[in-house]
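Notes follow once the structure below has been shown.
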Amino acid sequence: MQRYGILSLIREGLRGHTGWEPAWRFPEPKPRYDAIIIGGGGHGLATAYYLAKEHGLTDIAVIEKGWIGGGNAGRNTTIIRSNYLYDESAAIYDHALQLWKNLGRELDFNIMMSHRGVLNLAHDEGEMRQLKRRVEANRLNGVDAEWLEPEDVKAFCPPISIAPTLRYPVLGATLQRSGGTNRHDAVVWGYARAADALGVDIIQQCEVTNILSEGGAVTGIETTKGPIATPKVASVTAGHTSVIAAMLGLKLPIESHPLQAMVSEPIKPVMPCVVMSSAVHVYVSQSDKGELVIGAGIDPHLSYTQRGSFDIVEHQMAAMVELLPFTSRLRFMRQWGGIVDVCPDASPVISKTRIKGFYVNGGWGTGGWKATPGSGHVFADLIANDEPNAIAAPFALERFVSGALVAEHGAAAVAH
Amino acid sequence: MPRLDPGIRSVPAGFRMDRRIKSGDDDIKCGNWGRQEMFLIRCPWCGERDVSDFSYGGEAHIARPTDSETMSDSAWAEFVFLRSNPKGVHAERWNHQAGCRRWFNILRNTATDDILAVYKMGESPPEVTANLPATPSGEAAIGSGNDAAKILGPDETGGATAGK
Amino acid sequence: MSKTQPYRLPKGGRIDRGRTISFSFGGWAFHGHPGDTLASALLANGQHMVARSFKYHRPRGILGAGSEDPAALVQIGDDANRTDPNTRASEQEIYDSLIARAQNCWPTLTYDVGAMNDLIAPFVPAGFYYKTFKGPLGNWMWFEPFIRAAAGLGHAPSGPDPDRYEAVNRHCDVLVVGGGPTGLMAALAAGRAGARVILAEETAELGGALLSRDPEALRLNDAAPVEWIAGVRAELEARDEVTILTRTTAFGYYSHNFVGLWERVTDHLPEAERPRRLPRQRLWRVRAKEVVLATGAVERPLVFHQNDRPGIMLAGAVRTYMHRYGVLPGKRIVVATNNDSGWDAALDMAQAGGEVVAVIDLRADIAPRHLAEASQAGIAIHANATIVGTEGRHRIRGVSVRAMSGAAASGRPVEIACDLLAVAGGWTPNAALFSQSRGKLRYDGAIEAFRPGRSWQNERSAGAANGAFAMADCFSEGVRAGAQAATAAGFDASPPPAPRIVGGQAGQGSIRVVPELPSHVAPHRTRAFVDLQDDVTTKDLRLAVKEGYSSVEHAKRYTTAGMGTDQGKVANLNTFGLLASARGESVPAIGTTTYRQPYKPVTIGAIAGQHAGDHFAPRRTTPMHDWHKRQGAIFEPVGEWLRARAYPKQGESFEDAVQRESKAARTAIGVLDASTLGKIDVRGPDARTFLNRVYTNAWMKLAPGRCRYGLMLGEDGMVVDDGVTACIADDHFHMTTTTGGAAGVLSTLEDYLQTEWPDLKVYLTTVTEQWAVAAVCGPQSARLVSELCDDLDADPAGFEFMTWRDAHIGGVPVRVFSISFTGELSYEINIPATYGLWLWEQVLEKGALHGITPYGTEAMHLLRAEKGFIIVGQETDGTVTPDDLGLGGMVKKSADFIGRRSLSRSDTARTDRKQLVGLLTDDPNVVLMEGAHVIETAAESAPPVPMLGHVTSSYFSPNLDRSIAMALVKSGRSRMGDKLFVSRRDGAPIPVTVSGTDFLAAKDSATEAKNG
């Protein structure tokens, strides 16, 4: 893989940038692979990368119906944090956060990992109680998290008002300093480039139309570029997880909802960190280009159109002005939607299934982006070994039968 | 109440899937077919209201088991948690929460948000035609506005917009 | 002509030459006229350069004349709270004392340090930041502050917005977007058919392209364009069913013909003249039966080496400045074009007195008419020619032209001096709203652009927006579209005739699109800009394709082409053309990026509308609220309600008040305003059966007059709500729920009744706000209630616990429930809400003799904890079963209820689940933190520290004179008396002993044992 860096930039700058190699190949699908990952988003490409790098499975392919990073990976608000309540969640999200820290260097691709801090505001006694429980659980699980009194919140993020007369006064907040944001496209491209260099075939513009099985075991897939044989198929298709699973007659505890987000026009830096408020129901950060990136809740109904209703946008804007009154005069520049795969307990499904060789990694709902490297890492382990490791085990499908849910409802109060 | 499994492959009873891409030439409304309703929901009792008047109640026709004590844990989990979540025709429950507070069913094409039919609780879903994606996770010929449905292909006939 | 406006034409323009407006730009004073935009006024004064580009900080001028302009963005207003960044100079109308400033430059616009970026341009191609800043030397966190400081254009206001916004809902039969020739005819056709029409025009005046034509050279029905427009406007205004909205942009086409319009009501007026009763801006939520999109077309610039200098403008825009604003932005003019419309512009400029020195046309064969007229006007003609470079730093000084042979430049370059280069790269139908409506575009080879292909919603595009650029077609298509829309909306339309046109222009004729004009300059030294705001060059796009970012979306994101505030209005088609040539494919094969809302940036406050400040979220208060306020109560939001949390006396701390209130409730009389409790009236012959299916315990035999506490589960077996339900009669029950759960419980019950058990005859009515409730408790409460009631002896001997009575207070009918949430003798008096305050004052007046004390929600939480009573939402979080709470006894075996089957699932039936227990700290004065975690060891091990559970409730009890706490702990009930520890951030874990949860009972039995 060609080395990127300031030196290569200078060298190429002197000869008109003619020496840059393509970041990935555009291979035609081979008749057979050892494993196939359906879905060329962040999680899918990370899975392929770790399969190749840590498990030596290089004769594998990522099949993407559109262009890599075109699904939720290209539509999220890039927030990174791991201050989840339950031990099982803390384990996987913090595993991801540790991987995020050096991922740019590992992939030799600057993903603009900005550990600028994430604030979750508490506006009433109930929220304060919940957030203090979370911060203490984080501390005992070794996840960096602290409780801030209103004055400290104001010091850390000056635009926030802590006036006690507000409709939703700030009674305090949790802060995860190592949380923050990064550049979603860079993560997708970084993983794709590294996986491709390890021999993984990334096949874009190729849609999986069926999954073949015999005697309860996977034998291959049908695609718009012809059939491919393989003993292992892994679905990492977010909003389309149910559609892929239905190809094997499997039903999942997942419903796909539109999740909208938007950006303001680019302005000079004003938001130093990520701010999230459940009660006011909005969260915001400022991109490195200067746009305020604003997100809120899902549309309540099921939809695959990647579009939501306007009344959701109106509530989002009203909440934005309530949380940060100065944003009222800024203009919102672009609004879009993704399809988020929501589980009843707001926790993912990382699991084998009753069909041998078919694995599912989905149900991340509104919180999938922050888990990308951790999800890929443990899912690669599950695919390679056909057994979940300790971090992945609690997220098996069986939990819906036994009732041992990982109930992060509180965490999903506001989509992030 | 028939248990519907509107999975993509198996067409449930009562649906007639029309995968042919209808040419719109004959339709004065420039290429779409009949009155399309998306997110202006026609409450069977109150009439058309904006979607914000309603609350969504999830997949329809999942009757609550009357003999749950005899069911296995996994059969019970299927009732409580598993959903078909189709990209296509979906029978779903809606409540006119800000109006008459009555529950009713809707058949909606989740690939385009087209509302195909509105029918009352207790009724079985009517037959509908829907313009569905040609492939399971593809886009319908028109209606989502997403990547694969932005530009007319060379073979697609477009409706006559005024003037042409 | 005043010397201060050297480029103002002697006559013409829709401006009021009788009045002069003075405004400032960048600290310098300028003059203009009413009707000018900031752009036209600056151009009149010869000021082309108004901004610096985002990345290279190159000088940026005014390219367009409306919402299509990509880079002439300025900051309007100096007031800290009322300043607007990134405002398009070509859209901001000027007014007296308007203050505008350049953005993203320091120290000044002319001398900007940022321009240094332009020098290192060779080393910072598209996506350079992905290739560096990875460390280990300098990683991203070190560089980010510098990058962020350089990024962003204008600055945000610092304080809350002083202006007001509002939203308006409208239904109409036909919504016409765009007030040009097409839109006017469509509105006329629909209006005459009797339809209710809304006509939305983005600028301040109707007329569109008609206002950009030489009024001498164009006659409509023998009238000057302005008169014809005035006539149409008069007729439309005379029709009651037609609404004309100027300064109003259709920004969003959503589902089912829902279109969002954004009206700028007072932004064009000086602050002093803005009427207070008017909002600054208005959001129109329009639901239209039919829509006509008459949004016109956007002119594309040409892409050539050094094509970004101030003074390079779109040819169509120059005509607009000439005829609409009376400004010819240049003295020595060169026009470069790839279609006929460039020639019309050139001859128009010559006609207006401009010295058009040359017309450069990429095409070899040019219409004889143009050649004749040009030579007659002394204009040099360069056919089959290409531009190879330009001169001039802050304003163009010259352009160099060469012949074109095939795909290369040839022959000697010809240097032409000029101070204005008008470029005409062809017209793109404005199909943004059409695409938002989920219609499918069609690539039209005749105009080398996408135009509306197949509609999906009930709309049709017409005129230039539909690819018909000739004026005659605009008029005729407008008539047809308006008539068709009216017919579709159910009216019989009699289409008006299109006006007779004299001097109307043909369209753009043949067009030769060259994605990048060939030149002799080495490719890597060519600076040909595709996106003027974000500084994206043709090299960047080719690099993207070379590195594999070749799909249209990848190339856009890798280079940021079309990701600025203009969203690529003039740039996108050139970008797609460049990508297609780099990939050797056709433009339709490349596809387009996605047109998303909004069409152009819209103020966030305008979308928030009235839902700001107090109106952001509803606030519910009880009938006794004013009394609490007068008492100086401290309040707490509970859901949408505001509840009194404590009543501190003068100089009393909150904590002391809570202790006093809690003490009084147990020693004398306490009274709580419990009006916010959810109350549902349940009636019908099947009411008992229904309650039996909804609650975990049995309801078939509860006799009238009696009350029972009930637990409600979700189908997953977890507690979701609780409350006391009283049997009024066999077919009538009064159910209470938690304050926060009321709405949810009502919806759930209605759901089950209508969809699962339609056979049950049960009718539900929410009566939460119909009853006010004063909960009186304490040893003296029975006497107080007896004194209060005309006809009730509240002595518990006769008035049993968990029963209720009808009674009267001062003749007012009340229901008195003997139920207790404090463990004390307690009566909840329910009275019709209008008497709530009166009752409250009666209770306090008569209670004064017995030492009555009002207590708030904090004391209520403390008192119920002393008895170990749970609060759903505090002891439970959606993962707790009845057995976990020690309430397994309330789970009936006799019949099914919501959630029952889940209780026997393997994980739910485990005996070592987290169970509710009491925790008593060894040191009675230490109060545990709510949310703290219970661990088994005296010291915290290295993380992850195994946690047994967490503290749900914790208080210092004045009645037990020690701290008490409740917690959910693994296998809690089998750890009675065990020693555990509660962790805390900076201190050793606190030793505690596991106990029962009824602390009060424990104390009483202990004292009995002592005295016994």
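A quick yes/no check of all residues on (1) within 13 Å of chain C (Cβ to nearest Cβ); (2) crowded, with 23+ Cβ neighbours inside 10 Å; (3) out of contact with any His (no Cβ under 9 Å at 6 or more places or on another chain):
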position: B:64; (1), (2), (3): yes, no, yes
position: B:74; (1), (2), (3): yes, no, yes
position: B:107; (1), (2), (3): no, yes, no
position: B:118; (1), (2), (3): no, no, yes
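Mind counting the residues in the stretch C:546-572 that are in a helix (DSSP H, G or I) and in contact with a Lys or Arg (Cβ under 6 Å, 6 or more places away or on another chain)? It would help to see each step written out before you state the result.
Narrowing the stretch C:546-572 to residues in a helix (DSSP H, G or I): C:546, C:552-559, C:572.
From the residues that got through so far, the ones that are in contact with a Lys or Arg (Cβ under 6 Å, 6 or more places away or on another chain) too are none.
Residues in the stretch C:546-572 being in a helix (DSSP H, G or I) and in contact with a Lys or Arg (Cβ under 6 Å, 6 or more places away or on another chain): 0 in total.
Please determine, by comparing only the residues of the stretch A:99-145 that are of a type in the set (S, T, N, Q) and in a helix (DSSP H, G or I), which one is nearest to the other protein chains (Cβ to nearest Cβ). Break it down into steps so the answer makes sense when it comes.
Of the stretch A:99-145, the ones of a type in the set (S, T, N, Q) are A:102, A:110, A:114, A:120, A:130, A:138, A:141.
Cutting the leftovers down to in a helix (DSSP H, G or I) gives us A:102, A:130, A:138.
Working: A:102: 9, A:130: 7, A:138: 10 Å.
Filtering the stretch A:99-145 for residues that are of a type in the set (S, T, N, Q) and in a helix (DSSP H, G or I), the one nearest to the other protein chains (Cβ to nearest Cβ) comes out as A:130.
Report those strands (runs of 3 or more DSSP E) wholly inside the stretch C:187-271 carrying at least 1 residues which are polar (S, T, N, Q). So that I can check it myself, show each step before the final result.
Numbers: elements: C:197-200, C:242-245, C:248-253, C:258-264.
Of the strands (runs of 3 or more DSSP E) lying wholly inside the stretch C:187-271, those with at least 1 residues that are polar (S, T, N, Q) span C:242-245, C:248-253.
Can you say whether residue A:44 is within 14 Å of chain C (Cβ to nearest Cβ) and not polar (S, T, N, Q), as far as the supplied structure shows? Explain how you work it out, then say what you get.
Numbers: within 14 Å of chain C (Cβ to nearest Cβ): no; not polar (S, T, N, Q): yes.
It is false that residue A:44 is within 14 Å of chain C (Cβ to nearest Cβ) and not polar (S, T, N, Q).
Counting only residues that are surrounded by fewer than 24 Cβ atoms within 10 Å (Cβ to Cβ) and at the interface with another protein chain (Cβ under 7 Å from one of its Cβ atoms), which one in the stretch A:247-257 is nearest to residue A:346 (Cα to Cα)?
Initial filter on the stretch A:247-257 (surrounded by fewer than 24 Cβ atoms within 10 Å (Cβ to Cβ)): A:248-251, A:253.
This time we only want the ones that are at the interface with another protein chain (Cβ under 7 Å from one of its Cβ atoms), so: A:251, A:253.
On the way: A:251: 17, A:253: 11 Å.
It comes out as A:253.
Filter the stretch C:767-809 for residues that are touching a residue at least 60 places away in the same chain (Cβ under 8 Å) and either outside the structural domain of residue C:691 (by TED's automatic domain parsing) or open to solvent by 70 Å² or more (accessible area, probe 1.4 Å) (or both); which is nearest to residue C:728 (Cα to Cα)? Full working, then the answer.
In the first step, residues of the stretch C:767-809 are kept if they are touching a residue at least 60 places away in the same chain (Cβ under 8 Å); the result is C:767-781, C:783-784, C:802-805.
From what is left, the residues that are either outside the structural domain of residue C:691 (by TED's automatic domain parsing) or open to solvent by 70 Å² or more (accessible area, probe 1.4 Å) (or both) are C:769-770, C:783, C:805.
Numbers: C:769: 19, C:770: 17, C:783: 25, C:805: 10 Å.
Going through the qualifying residues, I end up with C:805.
For the stretch C:690-707, give me the residue count where each residue is surrounded by 20 or more Cβ atoms within 10 Å (Cβ to Cβ) and either under 18 Å from residue C:885 (Cα atoms) or not assigned by TED's automatic domain parsing to the domain that holds residue C:829 (or both).
2
Return the residue satisfying two criteria in turn: it lies in the stretch C:430-458 and is closer than 17 Å to residue C:177 by Cα and out of contact with any Phe, Trp or Tyr (no Cβ under 7 Å at 6 or more places or on another chain), and of such residues it is surrounded by the fewest Cβ atoms within 10 Å (Cβ to Cβ).
Here the residue is C:458.
So if I check each of A:71, A:44, A:66, which one is open to solvent by 10 Å² or more (accessible area, probe 1.4 Å) and either out of contact with any strand residue (DSSP E or B) (no Cβ under 9 Å at 6 or more places or on another chain) or more than 24 Å from residue A:334 (Cβ to Cβ) (or both)?
Details: A:71 fails: either out of contact with any strand residue (DSSP E or B) (no Cβ under 9 Å at 6 or more places or on another chain) or more than 24 Å from residue A:334 (Cβ to Cβ) (or both); A:44 fails: open to solvent by 10 Å² or more (accessible area, probe 1.4 Å).
Result: A:66 is the single residue among A:71, A:44, A:66 that is open to solvent by 10 Å² or more (accessible area, probe 1.4 Å) and either out of contact with any strand residue (DSSP E or B) (no Cβ under 9 Å at 6 or more places or on another chain) or more than 24 Å from residue A:334 (Cβ to Cβ) (or both).
Is at least one residue of the stretch C:575-596 open to solvent by less than 40 Å² (accessible area, probe 1.4 Å), farther than 28 Å from residue C:839 by Cβ, within 11 Å of chain A (Cβ to nearest Cβ) and of a type outside the set (S, T, N, Q)?
For the stretch C:575-596, residues open to solvent by less than 40 Å² (accessible area, probe 1.4 Å), farther than 28 Å from residue C:839 by Cβ, within 11 Å of chain A (Cβ to nearest Cβ) and of a type outside the set (S, T, N, Q): present.
Out of the residues in the stretch C:151-164 that are more than 7 Å from every other protein chain (Cβ to nearest Cβ) and charged (D, E, K, R), which is most open to solvent (accessible area, probe 1.4 Å)?
First, pick out the residues of the stretch C:151-164 that are more than 7 Å from every other protein chain (Cβ to nearest Cβ): C:162-164.
So of that shortlist, the ones also charged (D, E, K, R) come out as C:163-164.
Working: C:163: 32, C:164: 108 Å².
Selected residue: C:164.
Consider residue C:613 carefully, then state whether it is at positive phi and open to solvent by 60 Å² or more (accessible area, probe 1.4 Å). Before the answer, list the steps.
Numbers: at positive phi: yes; open to solvent by 60 Å² or more (accessible area, probe 1.4 Å): no.
So residue C:613 fails the test.
Counting only residues that are assigned to a loop (DSSP other than H, G, I, E, B) and open to solvent by 30 Å² or more (accessible area, probe 1.4 Å), which one in the stretch C:873-889 is nearest to residue C:960 (Cα to Cα)?
Looking only at the stretch C:873-889, we keep the residues that are assigned to a loop (DSSP other than H, G, I, E, B), and these are C:873-882, C:886-887.
Subset that is open to solvent by 30 Å² or more (accessible area, probe 1.4 Å): C:873, C:877, C:879, C:886-887.
Numbers: C:873: 25, C:877: 28, C:879: 31, C:886: 23, C:887: 24 Å.
For the stretch C:873-889, the residue satisfying everything is C:886.
Only one residue in B:123, B:139 is part of a loop (DSSP other than H, G, I, E, B), more than 27 Å from residue A:67 (Cβ to Cβ) and not small (Gly, Ala, Ser), so which one is that?
On the way: B:139 fails: more than 27 Å from residue A:67 (Cβ to Cβ).
Of the residues listed, the single one that is part of a loop (DSSP other than H, G, I, E, B), more than 27 Å from residue A:67 (Cβ to Cβ) and not small (Gly, Ala, Ser) is B:123.
Within the stretch A:315-341, take every residue that is among the small types (Gly, Ala, Ser) and within 21 Å of the chain's Cα centre (by Cα) and give me the one that is nearest to the other protein chains (Cβ to nearest Cβ). Quick ask: steps written out before the conclusion?
Kept after step one, since they are among the small types (Gly, Ala, Ser), are these residues of the stretch A:315-341: A:318-319, A:328, A:337-338.
Add one more test, that the residue is within 21 Å of the chain's Cα centre (by Cα), and what stays is A:337-338.
Numbers: A:337: 9, A:338: 11 Å.
Going through the qualifying residues, I end up with A:337.
Quick check on residue C:67: is it more than 25 Å from residue C:527 (Cα to Cα) and open to solvent by less than 20 Å² (accessible area, probe 1.4 Å)?
Details: more than 25 Å from residue C:527 (Cα to Cα): yes; open to solvent by less than 20 Å² (accessible area, probe 1.4 Å): yes.
Yes.
Among the residues of the stretch C:631-689, write down those that are within 30 Å of residue C:706 (Cβ to Cβ), open to solvent by 30 Å² or more (accessible area, probe 1.4 Å) and either assigned to a loop (DSSP other than H, G, I, E, B) or among the small types (Gly, Ala, Ser) (or both).
C:639, C:677, C:685, C:686
Tell me yes or no: at least one residue of the stretch C:938-958 is in contact with an Asp or Glu (Cβ under 7 Å, 6 or more places away or on another chain), surrounded by fewer than 17 Cβ atoms within 10 Å (Cβ to Cβ) and modelled with pLDDT under 95.
yes
Is at least one residue of the stretch C:260-276 within 14 Å of chain B (Cβ to nearest Cβ) and open to solvent by less than 10 Å² (accessible area, probe 1.4 Å)? Give the steps one after another, and end with the answer.
Of the residues in the stretch C:260-276, the ones within 14 Å of chain B (Cβ to nearest Cβ) are C:260.
Checking the rest, the ones that are also open to solvent by less than 10 Å² (accessible area, probe 1.4 Å) come to C:260.
Yes.
Residues in the stretch C:79-109 that are away from every other protein chain (no Cβ under 11 Å) and within 19 Å of residue C:41 (Cα to Cα): how many?
Looking only at that region, the number is 15.
For the stretch A:243-361, please list each of the strands (runs of 3 or more DSSP E) lying entirely inside it that holds at least 2 residues being under 18 Å from residue A:77 (Cβ atoms).
Details: elements: A:255-264, A:274-277, A:282-286, A:292-298, A:331-342, A:349-352.
Filter on the stretch A:243-361 gives A:255-264, A:274-277, A:282-286, A:292-298, A:331-342.
Please verify whether residue C:126 is crowded, with 21+ Cβ neighbours inside 10 Å and within 30 Å of residue C:213 (Cβ to Cβ), treating the condition exactly as stated. I'd like the intermediate steps shown before the answer.
Working: crowded, with 21+ Cβ neighbours inside 10 Å: yes; within 30 Å of residue C:213 (Cβ to Cβ): no.
Spelling it out, it is not the case that residue C:126 is crowded, with 21+ Cβ neighbours inside 10 Å and within 30 Å of residue C:213 (Cβ to Cβ).
In this structure, is residue C:845 without any contact (Cβ under 8 Å) to a residue 40 or more places away in the chain, open to solvent by 40 Å² or more (accessible area, probe 1.4 Å) and closer than 18 Å to residue C:671 by Cα? Talk me through it step by step, then tell me what you get.
On the way: without any contact (Cβ under 8 Å) to a residue 40 or more places away in the chain: yes; open to solvent by 40 Å² or more (accessible area, probe 1.4 Å): yes; closer than 18 Å to residue C:671 by Cα: yes.
Answer is yes for this residue.
Let's see how each residue does on (1) in the same structural domain as residue C:192 (by TED's automatic domain parsing); (2) under 23 Å from residue C:178 (Cβ atoms); (3) open to solvent by 40 Å² or more (accessible area, probe 1.4 Å):
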residue: C:230; (1), (2), (3): yes, yes, yes
residue: C:281; (1), (2), (3): yes, yes, no
residue: C:284; (1), (2), (3): yes, yes, no
residue: C:292; (1), (2), (3): yes, yes, no
residue: C:324; (1), (2), (3): no, yes, no
residue: C:327; (1), (2), (3): no, no, no
residue: C:334; (1), (2), (3): no, no, no
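Could you count how many residues in the stretch C:129-150 are surrounded by fewer than 17 Cβ atoms within 10 Å (Cβ to Cβ), more than 7 Å from chain A (Cβ to nearest Cβ) and closer than 22 Å to residue C:559 by Cα?
The qualifying residues number 2.
Just need a number here: residues in the stretch C:605-630 that are in contact with a strand residue (DSSP E or B) (Cβ under 6 Å, 6 or more places away or on another chain), part of a loop (DSSP other than H, G, I, E, B) and farther than 20 Å from residue C:673 by Cα.
Of the residues in that region, 2 qualify.
The values are calculated or read from the model by the stated rules, or taken from the named source; none is laboratory data. No experiment lies behind these values; they were computed from the predicted model shown. As a convention, Cβ positions derive from the backbone with ideal geometry for all residues, glycine included, and neighbour counts pool all protein chains shown. Only protein heavy atoms, including side chains, enter the accessible area calculation; ligands, DNA and RNA are left aside. Shrake-Rupley method; radii C 1.70, N 1.55, O 1.52, S 1.80 Å.
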